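> Pasting a structure below so you can have a look.
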Amino acid sequence: MNNKISRLLFLFFVSLVFFLMPSISLADEDSDLEAYVKACSYMLKANRDTFSKNSIDKLEKWISDSKKLIENRKALSKKEKGLEDRIQDEIEENFKQRNQTFKIQVNDYIKEEKIHAIFEEALQADRYFYYAIYKACSISTNYYKQTNENGVNFVESVDFAMTYRQTKDDEKKVDEFVNKWVDDNINNKMTDLEKTKLIHDFIVKRNSYNKGDSNDLSNGYSVYSPASILFGKGGVCNAYATLFDIMAKRAGLCSYYATGVIKADGQLHIWNMVKIDDDWYNIDLTWDDPILTSDKKILNEKDFVTYDYFLISDQKISATRSIDKDYKRPSSVNSYNHEFMATKIILEKSQSNISYFYLTKANKRYYFAI
C-alpha cells in the first residue's frame with residue numbers, strides 16, 4: 001500500500017474514531033472496543049508523521065482511556081459474576097428454609113433485571129420446588145442514585161416476600177406417605193416398567209382432576225401440589241407430575257419434567273418423562289385419567305386407568321401439544337411397545353336424553369353418565 005493511500009485510510013479511520021469516541025466507551029461491547037483500540041494503535045504507529053502533535057495526543061489519550069475502561073470492565077465482570085453466584089446461593093438457601101420474607105445484602109452495582117433473572121435461575125434449580133411449592137414473590141430493590149460508567153445503579157439490598165403453595169408440615173406429610181408407599185409396594189426385583197406402571201396406576205386411581213374448591217385449594221391443599229392428591233380432593237397437572245416425579249425417584253427411577261402448550265385450547269401443561277431400559281419416554285398421567293371435553297368440562301373416574309399417554313414418543317405426544325425448548329430435556333424417539341390396551345371415548349345419547357360416554361378396553365365397555 002503506498003503512503004498516499006495509507007494516509008487517506010488513516011485520516012478516515014481517525015475521523016471515524018473521533019466521531020464515535022463518546023459512544024464507543026459506553027455503548028459498545030468490550031470485544032468491539034478492543035478491536036477499535038488495536039486497529040487505532042496499529043494505524044497510529046504506522047502513520048505518526050501524518051498528523052499534528054495535538055491530534056496524536058488526543059488519539060493516544062483515547063487509546064489509553066479505552067484500555068483502562070476495558071480493564072475495569074473485565075474486573076467488574078469478574079466481580080459481578082461472583083456477586084451473582086452469591087445472590088443465587090442465598091436465594092436458594094432461603095427457599096430451602098421456606099422463609100416467607102428475607103433480605104439479601106448486595107452493596108454493588110447491578111441491574112434490577114439481572115436480579116430478577118438470578119431469582120428465576122434459582123427457581124429453576126429445583127424444579128419440584130418451582131412446580132409444586134412456589135407460588136409467587138414480590139421483589140423490592142433498595143438502590144442509590146449513584147451509578148457506574150455504564151449507568152447501572154448501586155444496589156444496597158433486595159427484599160423478597162415469598163408465597164408458598166404448601167406448608168413445611170404438608171411437605172413432611174407427603175414425604176412420609178411417599179416413603180411408606182414405596183417401601184410397601186416397590187422392591188428391587190421389579191423392572192423399571194413394573195415400577196412405572198404401579199406408580200402411574202396408583203396416582204391415576206387416587207386422583208380426580210380438580211381445578212379447586214376455592215382459591216386454587218382442594219380441601220385446604222393447593223391443587224398444584226402432591227398433597228392435593230394424597231390428602232385433598234384432587235389436583236391439576238402439576239400435582240400429577242410432581243407426585244409422579246418424587247415417587248419415581250424414591251423408587252429408583254430416572255424422571256424429568258416436560259412442559260408445553262395444549263394445541264386444542266392453548267393451556268399450559270406439564271407431564272413427565274421416565275427412563276425405561278436406557279431409553280426415555282413421555283408419560284402423561286393427567287391425560288391417562290379419563291377425560292371428557294365435549295362440553296369443555298373435565299370428568300374423571302377414580303378407578304379407571306388408561307394408557308394412551310403411557311411411555312410414548314415425542315412425535316406421538318406432539319400431536320396434542322407443543323413441547324417447550326429445554327436443552328436438558330432428554331428426547332424420546334420411540335414409544336414403548338407395552339401390552340396395555342389403549343382406550344377410546346365414545347359418546348352416546350339415550351332416548352331419555354341422558355348422555356353417556358363409555359370407554360372400551362379389551363372389548364369391554366365401561367359406561368359413565370354425564
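> Return the pairs, sorted by first residue and then second, in which the second residue is not in a helix (DSSP H, G or I), the first residue lies in the range 53-70 and is on the phi < 0 side of the Ramachandran plot, the beta carbons are less than 8 Å apart, and the residues are 6+ apart or on different chains.
Close Cβ pairs satisfying both conditions: Leu59/Phe51; Leu69/Glu149.
> Could you check how many residues of the range 249-262 are under 22 Å from Tyr327 (Cα atoms) and touching a Lys or Arg at 6+ places or on another chain (Cβ under 8 Å)?
Of the residues in that region, 9 qualify.
> Here's a follow-up. Out of the residues in the range 236-254 that are part of a helix (DSSP H, G or I) and open to solvent by 10 Å² or more (accessible area, probe 1.4 Å), which is nearest to Gln267 (Cα to Cα)?
Result: Cys237.
> Failed condition for Ala125, given (1) modelled with pLDDT under 95; (2) farther than 25 Å from Tyr256 by Cα, with all others met?
(2)
> Please tell me if Ile229 is over 20 Å from Asp314 (Cα atoms), touching a helix residue (DSSP H, G or I) at 6+ places or on another chain (Cβ under 9 Å), open to solvent by 10 Å² or more (accessible area, probe 1.4 Å) and of a type in the set (Val, Ile, Thr).
Spelling it out, it is not the case that Ile229 is over 20 Å from Asp314 (Cα atoms), touching a helix residue (DSSP H, G or I) at 6+ places or on another chain (Cβ under 9 Å), open to solvent by 10 Å² or more (accessible area, probe 1.4 Å) and of a type in the set (Val, Ile, Thr).
> Do the conditions hold for Asn72, that is, is it modelled with pLDDT of 95 or more and of a type outside the set (Ser, Thr, Tyr)?
no
> In the range 93-116, how many are in a helix (DSSP H, G or I) and open to solvent by less than 50 Å² (accessible area, probe 1.4 Å)?
Counting residues in the range 93-116 that are in a helix (DSSP H, G or I) and open to solvent by less than 50 Å² (accessible area, probe 1.4 Å) gives 3.
> Moving on. Quick one: count up the residues across the range 323-333 that are surrounded by 14 or more Cβ atoms within 10 Å (Cβ to Cβ) and among the polar types (S, T, N, Q).
Number satisfying all stated conditions: 1.
> Please pick out the residue among Asp159, Asp216, Asp169 that is open to solvent by 70 Å² or more (accessible area, probe 1.4 Å) and either out of contact with any Pro (no Cβ under 7 Å at 6 or more places or on another chain) or hydroxyl-bearing (Ser, Thr, Tyr) (or both).
Unique residue meeting the criteria: Asp169.
> So which residues in the range 209-235 are part of a loop (DSSP other than H, G, I, E, B) and in contact with a Lys or Arg (Cβ under 6 Å, 6 or more places away or on another chain), if there are any at all?
Answer for the range 209-235, where residues must be part of a loop (DSSP other than H, G, I, E, B) and in contact with a Lys or Arg (Cβ under 6 Å, 6 or more places away or on another chain): Asn210, Asn219, Tyr224, Ser225.
> If the requirement is being closer than 23 Å to Gly151 by Cα, open to solvent by 50 Å² or more (accessible area, probe 1.4 Å) and at pLDDT 80 or above, which of these qualifies: Asp65, Asp89?
Going through Asp65, Asp89 in turn, the sole match is Asp65.
The values are calculated or read from the model by the stated rules, or taken from the named source; none is laboratory data. Owing to the predicted nature of the structure, the values given are computational and were not obtained by experimental measurement. Neighbour counts are summed over all protein chains in view; Cβ atoms, including those assigned to glycine, are modelled from backbone coordinates with ideal geometry. Side chains are part of the model used for accessible areas, which takes the heavy atoms of the whole protein and leaves out ligands, DNA and RNA. Shrake-Rupley method; radii C 1.70, N 1.55, O 1.52, S 1.80 Å.
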